[in-house]
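The values are calculated or read from the model by the stated rules, or taken from the named source; none is laboratory data. What you see is a predicted model, and the numbers here were worked out from it, not measured in a lab. Methodologically, a virtual Cβ is constructed for each residue, glycine included, from the backbone with ideal geometry; neighbour enumeration extends over all protein chains shown. Each accessible area value is taken on the protein alone, full model and side chains, heavy atoms only, with ligands, DNA and RNA left out. Shrake-Rupley method; radii C 1.70, N 1.55, O 1.52, S 1.80 Å.
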Amino acid sequence: MTVAQSEVTLEEFEAFDAAAPDGFHVELINGRVLVTPAPDGDHDENVMFIGDQVRERQPGLRMYQERGLVVPAYRAGRARVDGAVAPVGYFRGQPSWSDPSGVLLVVEVTSGREQDAEVDRVDKRDAYAQAGLPVYLLVDRHRGEVVVHWEPEGGRYRHRSEAVFGAKLALPEPFDFDLDTTELA
């Protein structure tokens with residue numbers, strides 16, 4: 001992952017996004033442009049495994065992969081989340097950078113180098129809390145754990161819980177089920 005060292009405007013970001021070559025994702029998090037390669041197969045399988053569990057327990061919800069969300073905080077933001085759980089049909093008619101107000105859970109899966117994982121652990125977590133996204137679930141492949149954050153207030157999540165891969169992780173409302181992590185890698 002490459003992180004630009006200077007802040008950019010939304011217009012500059014949109015130019016970067018439009019010019020990005022196939023196979024790369026461009027995001028704007030807290031004024032910084034993040035460029036990441038497309039996810040690998042294990043990454044996708046992790047997101048789908050979680051999405052299948054959500055759908056099984058909450059048939060009216062779906063996991064939308066690689067969804068672009070507007071994550072406004074004190075700066076304009078654009079995040080291409082690994083997974084966004086929302087009611088069926090929520091994204092119908094929305095632009096590629098969508099309103100996150102109907103999203104109930106955001107999933108990120110670490111990839112690349114260990115040092116790049118800090119973006120998912122800290123920067124994205126804080127951006128999602130500032131945007132008021134109710135639940136943030138991080139699959140941290142470097143640490144072999146899943147971390148859930150919930151109840152955003154004042155730009156931070158009030159609660160956090162984690163489990164090592166293979167253990168169950170209790171998800172908060174509106175999910176209220178134990179997430180199976182045995183197939184995460």
Inter-part gap, Cα centre of segment 56-108 to Cα centre of segment 127-185, in whole angstrom, is 16 Å
GluC sites (Glu not before Pro) within segment 140-185, DSSP loop, no more than 10 other Cβ atoms inside 10 Å
none
Which percent of the accessible area of segment 79-162 is formed by carbon and sulfur heavy atoms (probe 1.4 angstrom)?
44 percent
